[in-house]
Amino acid sequence: SQQGCDPFAQTQRSKLQHRRARINQQINKEMRMRAGAENLFRATSNHKVKETVALELSYVNSNLQLLKEELEELNSSMDVYQNDRFLSSSSESISVPMIPLGLKETKELDLLVPLKDFISEHYGEEGVLFEKEIKEFMELRQAMRTPSRNEAGLELLMEYYNQLHFLDSRFFPPTKTLGVFFHWYDSLTGVPSHQRALAFEKGSVLFNLGALHTQIGARQDRASLPGLNQAIDAFQKAAGAFNYLKENFSNAPSLDMSAASLTMLVRLMVAQVQECVFEKMTLLRAQNDFLARLQLAQEAARVEDVYSLVHQTMSQPHVKDYVPFSWTTMVHVKSEHFKALSHYFAAIALCDCPAPLDAELLEQEKAFLQFHVTMPEGPSLRVLLQDPEERRKLGKAHLKKAIMKHEEAMRIHGLCKILRKMDILQEVLSFAHKRSLSKYSEIDHEEDFFETGEAPDIHPKTHQKPEIKSPNFSQVKVTDLFHRLGPLSVFSAKNKWYPARRVHLMRGENGFGFTLRGDSPVLIAGVIPGGCAAEAGLKEGDYIISVNGKDCKWSKHAEVVQLLKSTGKEGVDIGVITLQGSECPKAVDKKAAVMSSGPGMLKSNKENSRKSLMNSKSASTLLVWSKKSKRSKKSTYSGVPFTAVGDNEAMY
């Protein structure tokens, strides 16, 4: 089985995660103390006790405030996750820091007794015989708590997520809880939550899949093309994981998994992809090409556009108090910074590129026609493009606006204590500001008596639209750890059956007197009245689970027929089970059903909601599936839990 990172390895990232775990535990302790003190305050009528408790509560609340501030600072430690080589030879290729997410922490979970008990009660097997499988599952869970920051770490999280599909089918019946709680801490506030619903465990693992993608994206060397492409891929997959979580899970008990937070995270990831696309353009652009510079200006305007949307989202009432101030500030700074860059590149295109030749004029005029949000005042575009003085005037107006926006970005940056410590961002902003100032003084003439006009904004446009890439669960093949319990089509938590029966059959003149159909497990499709099978008590709809002591749950049709044919005069012992509620089923060609790869309907939304409602006292803090799902039956047997059906990624 896969391994997580060594939890004791002293990397900077692991030290951060250790601090996160420690703060989470302290927050948990303080919150328990607060709950106790509040209960005592309500229960007592003694004024002296009330005063003491009120004092205690104020201490606890201030401790909680300090812990949350410490956690916010931790969530703002973006530099730890960035690439080691921020700064290459020229200041122009400094990579601006990206925002990564820390992983959600969870408590250890001991499933040994609950699963052994369930195997004994529900499956009628000896639970102790499955200790190896249970321990293997628990080791996998332990490993996924510390995934490495690479492809192997992502695969580990997906492997565990896929195993949860099997765990759900085997051990979580719709009408009963397993009695275990899944504990997870909020990624941003450290507040603990717990639920019995397995959906909470699945959702939290999905969140960590997205968070790990953000860390992988942030660590890429974005001064190179391969690094940029990897960063784009990672942030697109992070957006996909958060979006999948938002669309398929609802009513999460922790704020980080609420619809408002996930919408914000998806938008933040899309903005970081758009920023990488801009950086890619700056690497690939032709140095003196007019059209390429217009394109760069429009790309920068597009980045400004998406970061403005993120900033609006982060400023909403349900999100504002929850998102680290450094994130909101960083996003605001970036929207101003990229607006400044869009005006800077517009000015460079106008002032540094020669007036077009006749052959180029039409193409440049067409590009310039769609460049501004509103038309610039003054002469027609054709005259403007061919007149160096008119170009300089408009270029100067764009630079004036660029300088104003650079200064605004630096002002906002200065308001955040945590960002002020981030030298790298300071350097990027300062470099861009100086570059615009020096260009302005270069094109500013002493004899300029005209007042520099107001430059219109640049129309945002991108040549590479960010993609939200949903998780591809089928890329990590897993086999059901509890395979020995039998095929899931019958031996699942939702099915109930009467205790297994052993039947001794003697072959009569017309054979055993029953017909068989399908495989894994083989079904008794018909019982001939008055035959041996009927007399022995076999019924239509029984499943054969053993022949002469040999386990046949997974046996193919032909294997069971062969075992029956090879019996002599002494007869044969057959083990059978009857599913409750299916004593007289219609004859179904199970073999065809099991072997077909067509989608079989799975539990509907209602059934899943009911199941989750059983798992929690309060529906308001429930995490439930919110989509109807289909799954190809074949997937269970190939060990791949999910296949895409139509547009949706199929879920349990």
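Remarks
- Centroid-to-centroid separation of segment 307-367 and segment 27-54 [C-alpha atoms, Å]: 52
- 3J(HN,Hα) along segment 418-435: 5, 5, 4, 6, 8, 4, 4, 5, 4, 5, 4, 5, 5, 4, 5, 5, 4, 4 Hz, from the Karplus curve 6.51 cos²θ - 1.76 cosθ + 1.60 with θ = phi - 60°, whole Hz, x for Gly and Pro.
- Taking amide H positions as modeled 1.01 Å from N, with prolines and chain starts lacking one, the residues under 5 Å from Phe182 and 5 or more places away or on another chain are Gln195, Arg196.
- Simple point charges give the picture: +1 on the Cβ of Lys and Arg, -1 on the Cβ of Asp and Glu, and for segment 486-580 a dipole about the Cα centre of about 220 debye.
- Computed with every protein chain present, the accessible area of Met506 is close to 90 Å² [probe 1.4 Å].
The values are calculated or read from the model by the stated rules, or taken from the named source; none is laboratory data. In this text, all values refer to a predicted model and were calculated from it rather than measured experimentally. A quick note on method: Cβ atoms are made from the backbone with ideal geometry, for glycine too, and the neighbour counts reach across all protein chains shown. Surface areas here come from the heavy atoms of the whole protein model, side chains and all, with no ligands, DNA or RNA. Shrake-Rupley method; radii C 1.70, N 1.55, O 1.52, S 1.80 Å.
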